[in-house]
Structure formats: C-alpha cells, structure tokens
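Notes for the one structure printed next.
Where a number appears in this text, it was derived from the coordinates with a stated rule and is not lab data. Just so it is clear, the structure is predicted and the values come from calculations on it, not from any experiment. Glycine gets a Cβ as well: all are built from the backbone with ideal geometry, and neighbour counts include every protein chain shown.
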Amino acid sequence: MKARERSARYFEKASRVLVGGVNSPVRAFKAVGGTPVVVKRGLGPYFWDLDGNRYIDYVQSWGPLILGHAAPGVVKAIERSAKLGSSFGACHEGELALALKIREAIPSIEKIRFVSSGTEATLSALRLARGVTGRSLILKFEGCYHGHGDSLLVKAGSGAATLGIPDSKGVTPAQARETLTLPYNDIPALRRLFRARGGSLAAVIVEPVAGNMGMVLPVPGFLEELRRLSYASGTLLIFDEVMTGFRVGAGGAQGRFGIKPDLTCLGKVIGGGLPVGAFGGKARYMDHLAPLGPVYQAGTLSGNPLAMASGLAMLKVCAKLGFYQNLEHRLARLCQGWRDIFAVHGIPAQVSQAGSMFGIYFSGSPVRNFDEAKACDLAFFKRFFNAMLQQGVYLAPSAFEAGFISAAHSDKIIDETLKATERALKSL
Ligand code: PLP
C-alpha cells in the first residue's frame, strides 16, 4: 500500500474551497483520523485512490451500489438516457416505469412521489403526515438518521453521531420540541409514550433496521408494537427504508418482517447510484399532495430521466431469482469468518447482518440501541479501521455506520477480505 500522498495534496487543496474538504461530513475521516481516501475510479467491488491503491469497498457509496461500481447494465442505461436529454422538467415514461417496478416489490406503496435525495423523502413524508392528521408532534428513535431535515436532527445517528452533534445547532427550539425521541427497541417506553401522547402524534418514523448507529436489528415485537400502537392512535407509521429498501431483501425491511407501514421513504438503491429519493404509501394519504391536495411538495429535478433509467436498470437485476439469497449467503460467510477471527484473537465483537447490510461492534454484549452502540470500544474501531485500510479493505470510516456488500463481492473477494482481516489484526 503506497502512502496516500496525492490524496493528501488533493485534500489540502480541496479544504481551502470545500468546507472541511468534503460535501458530506463523514468523508473527512474525523472519527478515524488520517488522510481521507480520494477516489479516482471504481469497478465492481473495488475502488482506486489517487495514488493507485486498490481497496475492496464495503461502503458502496453508503448503500446504493448493490451491483458494485460501474455495473455495465446501469452504465449503459445512463448513457442511453443521457443521449435523449438529461432533464425535461416535464412528464416522461421513465417515471412510471420505475414507479411500477417499486410498487411491484413493495405493495404498501400504492402511490409514489420521486424526489432527489433521502432527506427530501423523509421531510416531505413528515409534512404529508402532519397535513393529513392536522397534528404537529413526531416521534423518532435515538440513533436513527433520517437525513438532515430540521425536525429530524434530534438525537440523530450517522455523521451527526460520528461528529458528536446529534442535536445540530440551527435547529430552532420550537422544531426540536415537536420531535419526541425514544430509545430504539424499548417496547415498554413506546407503550408509555403512546398512552400519554399518542393522540397528538402526526407520525412515528423509524429505520426498520437501524443502519446509522452501526447496524441494530429490531427486537422481536418492536415493529409489530409500533404498527399496533400507531394504528390505534391515528398516527401515521413511516418506515424510513432509504437504506434498507431493496437492500435487506426484494420487499425491503417491511417485506422481511411482514409489516405494512402507512408511508415508506426510499433512496439509495432505487437510483442505481444517481441522486434519487422517493416516498409513497396508501393512496388516501398520498392524494393529499399537490396537485391533488393541499400539502405542497415539488422539485426541479424530481423524477430525473437519468436517475429513473439508472434505478430501473438496477432494480431489474435485483428482481432476478435468487439475487438477494446469494448476497445474503455470501455476506453470512463473511460475518461468520469475522466472528471466528475476532474470537481467535480474543477480541470481544458483535457482527450483525440483515440481507446485504452488516455492522461490527467491538463489545462483549449485544447492541440493541444507541446508548449501547456508543458504549462500544470506539478507540479500537479506529485502530481496526486503519489497519484494514492499510490491508486494502475500505470499511465505513465511522463506528456509527452500516457496511454493505454488492453482487460483485464474490466468494474470492470474501476470502481476500478475511485474509486481510487476519493480517490487519496481527499488525495491531
Ligand atoms: N434515511 C436513512 C435511513 C439514511 O440512511 C439516509 C442517508 O444515509 C437518509 C435518510 C438521507 O438520505 P440522503 O443522504 O440521500 O439525503
């Protein structure tokens, strides 16, 4: 592995113009130290930095690239679409094609609206829920991240947690007061809150598998109780499946756990690596949106033809028989390999998996919520991350993020990763 000299020179120059040298905070490597990797190009499971180092990439652009970098079918679809015009600001056939493909996989989505990011999806879904119910309060869970909309930056995970600012400055006290929070997976606390304030809650928003505090699975009964309580109090249940949608299985987390939310937010995979988000759900709620109803929502680039084409090309491959089973099977081998290696080295660790997503916690006990995630050995995570990077394996540069594999992560790549892990741990 060559020293990242070119990356360092680039980052120094970029930092004079781009805030912190980046356009999204976790990329700055603040939690893990050292020079951020500056990417030159990607192909399949790999990317290369400016110095020519090759890495096996377990971030995959934070989830969207379920076929790996520069997947040929996706690239071709984007090229074909670009030749026909990059944006129209008017109706086109690609919007309907992608909408139908999504609805086929996620039947709770009767109607859908495309936006340009996951953040836009969640903040639009919340506005809709408030518009539909006439209520103001929302409930979210500590350590869940739903993008950077004001009312959602309360006890937020992901980069906000990484940088120690889960409650961002700039969010007004009035907005923060309208966001109630509870620990993830705490069913008794959920019941108490709904008993006291259920009638004032417009929406409860949840990551059905929490992928922004590492990766935490819902305990049995948590999502079921959320569905039951929200239904009983006339509160809209919003599943934020920006990360889990088309990731943990063909029907997202709701398909996996058999629970139908009122609204679903999507992003990442549905854009095939281009900027897309979407929110959808029951028609009787979605029809409150303009132009049919009084809740306003719009976007110059919403339903962008390149993004629709790219997403559709990706979802077509994902719909092939056995696609998700293969991914899950391969990742299970990697996770078990990691567990075995950590055990041999006497390192207390928890490796969690949902479909093609994983989390690694350096802790002797299972992690079920944000407090337990924060109590893990973060200093060791930092050393492990850097040792893996040195061996050519790129993990998320924060302990509060999930990892992802793609269809391009073959058995050979899994074996290479496990060997690299052995070498990394020996080097520590
Ligand atoms: N919701 C979840 C669950 C996410 O993981 C993210 C981003 O990681 C978002 C929303 C925000 O999406 P975006 O970064 O596209 O705005």
Dimensions (Å) - the range 153-246, Cα atoms, principal axes, largest first
37, 34, 23
Once R9 and S136 are pulled to full extension, the length gained, defined as 0.36 nm per residue separation minus their Cα-Cα distance, is 40.9 nm
Using a simple spin-label model with points 7 Å from Cα along the Cα→Cβ vector, what separation in nm is obtained for E110 and K76?
3.8
Among G403, G20, G63, whose mean-square fluctuation peaks in a Gaussian network model of the chain (Cα, cutoff 10 Å)?
G20
Can you pull the Kirkwood radius for the range 251-374, inverse mean 1/r over Cα pairs, to one decimal in Å?
17.9
Can you list the lysines whose alpha carbon is less than 24 Å from that of K260, not counting same-chain residues fewer than 8 positions off?
K101, K111, K140, K268, K282, K316, K320
Taking 1 over the mean of 1/r across every pair of different Cα atoms in the range 69-165, what Kirkwood radius in Å do you get?
16.6
Evaluated at 37 °C with a viscosity of 0.692 mPa s, what Stokes-Einstein diffusion coefficient in µm²/s does the range 1-84 have when Rh comes from the Kirkwood expression over alpha-carbon pairs?
229
Top of I78, I109, I165 by mean-square fluctuation, Gaussian network on the chain, Cα under 10 Å
I165
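Over all directions, how big on average is the projection of the convex hull of the alpha-carbon atoms in the chain, in square nanometres?
The directionally averaged projection comes out at 19.8 nm².
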So, R0 is 56 Å and r is the distance between the beta-carbons of Q390 and L292; what FRET efficiency does that work out to, to 0.05?
0.50
Run through the DSSP bridge list for the chain and note the antiparallel percent, rounded to the nearest 5.
60
Need one number: nm distance between label points at R333 and A283, each 7 Å from Cα along Cα→Cβ, rounded to one decimal.
4.6
When the expected Rg is taken as 2.2 N^0.38 Å, what fraction or multiple of it is the alpha-carbon Rg of the range 21-133?
1.38
Hey, got the dipole for the chain? About the Cα centre, +1 on K and R Cβ, -1 on D and E Cβ, debye to the nearest 20?
300
For S427, put the label point 7 Å out on the Cα→Cβ axis and report which residues of the range 374-404 keep their amide N under 19 Å from it.
379-399
Work out how far the C-alpha atoms of the range 321-428 reach from end to end along every principal axis, then list the three figures in whole Å, largest first.
40, 31, 24
Mean-position separation - Cα centroids, the range 29-50 and the range 246-268, in angstrom:
30
The chain: most fluctuating residue of G255, G211, G271 per GNM, C-alpha cutoff 10 Å:
G255
